[in-house]
Amino acid sequence: MQGVLDRMARARRPAFHTLTPTEARAAYEAGAGVLEIARPPLVRREDFHITARDGHRLLARLYAPSVARLPVLLYFHGGGFTIGSISSHDTLCSQLSRLSGCAVVSLAYRLAPEHSFPTASNDAWDALQWLATQAQTRGLDGSRMAVGGDSAGGTLATGCALMARDAGLRLALQLLIYPGCAAHQDAPSHGRFARGFVLEARDINWFFSQYLRGPADREDWRFAPLNAPDVDGVAPAWVGLAECDPLVDEGILYADKLRAAGVPVDIEIYRGVTHEFIKMGRAIPEARQAHADAARALAEAFGLSKPTLE
């Protein structure tokens, strides 16, 4: 991990907070695959569209290791609600599908600042509701679903799990990879890892300044799931955190909140690694371990035969 950080420092790429959103997106896409493993082959890899509540057509990508009627993970990519895409998380979603044996649908929710809060949350929930009723049109099993995501995508997954609980929609799992959970970035880990650990405090502030309309949005549980009045009865959770990440403390706090409400939680803290590590499988062994751990959690939640893990 230190070697990766050293190479990133030598490259002297401009920080996201110094760029326009368009420039930041291009920079993130350019670097997204540099440290990734090779994208694994799958039987199905198909693009389609899901219609949101306002009529906007959201791009989605389906990954599946077979043509069978499989359970499905709806996945939301990270990127501070401002950057990231289906393409930037293509390898990760392919790997989760291959190792778990389930299908994955990756959603291109709308990004800030063009689309501020709560558009991303609304898009995520609309996509989950669509899958629950229309999965069969893609050859999937809508009665067996999970939600997941990394970073901001993890935030969207937590919100969907809460809304699913309220709507009586059963989910097998919420797969949360270093999710953002707090209204304010004041946990000790935000100070401890404010600079030099991939995701810096200035970048977090910049991302949220693009996404949030004002101070009140910070307190909304769709942005800050730690503010949810209660989490009783939400889906079981697998939580994967990076030890050297500003978000690690709030991830632990959310896992604790779930456990206190009687929700089954499996938490893994990957030592010595930073935010984004799960997309560094070519350089970081912990990334490949996290792929295997997340896939195992999905397979167990869906009652699939044990996958062959690497």
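Every number in this text was worked out from the coordinates using simple rules, so none of it is lab data. Since this is a predicted model, take the numbers as computed values, not measurements. For neighbour counting, all protein chains shown are included, and Cβ atoms are generated from backbone atoms with ideal geometry for every residue, glycine included.
Descriptive notes on the structure:
- Cα extents of region 157-259 along the three principal axes, largest first (Å): 42, 30, 17
- Kirkwood hydrodynamic radius of the chain, from inverse mean 1/r over distinct Cα pairs, in Å: 19.1
- With neighbour counts taken as other beta-carbon atoms within 10 Å, the residues TYR75, TYR270 rank, fewest first, as TYR270, TYR75.
- Counted by neighbouring Cβ atoms within 10 Å, the residues ASP203, ASP123, ASP150, ASP230 run from fewest to most as ASP230, ASP203, ASP123, ASP150.
- Taking 0.692 mPa s as the viscosity and 37 °C as the temperature, the Stokes-Einstein diffusion coefficient of region 30-71 based on its alpha-carbon Kirkwood radius rounds to 254 µm²/s.
- Convex hull volume per residue, computed on the Cα atoms of region 1-77, equals 157 Å³.
- One chain, two ends: ASP232 and GLN136. Fully extended at 0.36 nm per residue, the span grows by 31.6 nm beyond their Cα-Cα distance.
- ³J(HN,Hα) computed for each position of region 135-141 - Karplus, 6.51 cos²θ - 1.76 cosθ + 1.60, integer Hz, glycine/proline x: 4, 4, 5, 9, x, 10, 9
- FRET efficiency for GLU268 and ARG10, using Cβ-Cβ distance with R0 set to 35 Å, rounded to 0.05: 0.70
- By the count of neighbouring beta-carbon atoms within 10 Å, fewest first, HIS275, HIS56 end up ordered HIS56, HIS275.
- Each of the peptides 38-48, 106-116, 182-192 was scored by the mean count of other Cβ atoms within 10 Å over its residues; in descending order, highest first, they stand as 106-116, 182-192, 38-48.
- DSSP-defined beta bridges in region 2-302 - what % are antiparallel, rounded to 5: 30
- Overall, the anisotropy analysis places region 48-109 in the oblate class: the square-rooted eigenvalues a ≥ b ≥ c of its C-alpha gyration tensor yield a/c not less than 1.5, with a/b not exceeding b/c.
- Sorted peptide list for 220-227, 136-143, criterion being average Cβ within 10 angstrom, highest first: 220-227, 136-143
- Mean-position separation - Cα centroids, region 253-310 and region 89-127, in angstrom: 18
- Coarse-grained scattering of region 1-154 at q = 0.11, 0.21 Å⁻¹, given as base-10 log I(q)/I(0) from a Debye sum over alpha-carbon atoms: -0.46, -1.34
- Each of ASN122, PHE197, GLY31 was placed along the dipole of region 2-302 (beta-carbon charges, centred on the mean Cα), and the one lying farthest toward the positive end is GLY31.
- Distance in nm between pseudo-label sites at ALA26 and ARG170 (7 Å out along the Cβ direction from Cα): 4.9
- Per-residue Karplus couplings for region 203-216, computed as 6.51 cos²θ - 1.76 cosθ + 1.60 with θ equal to phi - 60°, are listed in order as 5, 4, 4, 5, 4, 6, 5, 6, 8, 8, 7, x, x, 5 Hz, Gly and Pro entered as x.
- In sequence order, region 31-40 has phi-based couplings of x, 4, x, 4, 10, 6, 5, 5, 5, x Hz under the Karplus curve 6.51 cos²θ - 1.76 cosθ + 1.60, θ = phi - 60°, and Gly or Pro positions carry x.
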